[in-house]
Amino acid sequence: MIKKLSILITLLLMCNSYTAIAAEAEVTWSNPDKYRDIRAGSENRKHFKAKVFNNLEKHFTKLAATLPENQLLKINVSDLDLAGDTMHGGTRNIRIVKEINYPRIKLTYQLVDKGNKTVISSGDVSLKDMNFMQARRLRYQRDFLGYEKKMIDKWFFKLFKSNANKD
């Protein structure tokens with residue numbers, strides 16, 4: 001029993017040390033009031049926007065953690081259009097998701113070596129997923145912003161496939 005406990009503690013320490021040395025992400029939101037569609041349904045607009053930004057920042061951080069240590073992924077989002085559209089539904093506005101309202105995001109990125117401050121990779125990106133509802137299985141089916149996360153994953157792992165540890 002004690003041996004199993006010591007093995008479990010060792011594994012937990014190894015997992016914690018791995019995440020501590022992973023790459024980091026830094027996300028900036030440029031002119032968010034001018035984004036194409038970040039409207040809340042029935043939620044408070046300010047709280048909804050904060051929830052969207054927080055969720056996407058966590059997602060970029062999770063992806064960056066798959067990159068080698070000592071790297072920093074800088075993301076500057078200049079436009080965001082969430083899947084679906086808000087429509088008036090009775091006494092409230094609701095977000096209706098249809099194929100015609102696909103998710104889009106415009107961003108610039110830099111992957112930087114934190115040690116010598118050199119840029120490893122950079123670019124301007126316009127992501128869109130016009131077939132977002134055609135997938136047989138959505139990895140983030142029950143997640144808030146699942147369509148957007150899937151679109152970002154596809155771009156990230158295509159771009160950084162040689163550097164990232166896809167799980």
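Values quoted throughout were computed directly from the atomic coordinates according to the rules given, and no laboratory measurement underlies them. Computed from a predicted model, the values in this text were never measured in an experiment. Virtual Cβ from ideal backbone geometry, glycine too; neighbours counted across all protein chains shown.
Points worth noting:
- Residue that is farthest from Leu127 (Cα to Cα), among those in the range 56-92 that are polar (S, T, N, Q) and buried (at least 16 other Cβ atoms within 10 Å of the Cβ): Gln71
The rows are residues; the columns are (1) without any contact (Cβ under 8 Å) to a residue 40 or more places away in the chain; (2) not in a strand (DSSP E or B).
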residue: Leu56; (1), (2): no, yes
residue: Pro68; (1), (2): no, yes
residue: Lys74; (1), (2): no, no
residue: Leu80; (1), (2): no, no
residue: Ala83; (1), (2): no, yes
residue: Asn93; (1), (2): no, no
residue: Glu99; (1), (2): yes, yes
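- Checked across the range 94-115, the condition of being over 14 Å from the mean Cα position of the chain (by Cα) and small (Gly, Ala, Ser) holds for at least one residue.
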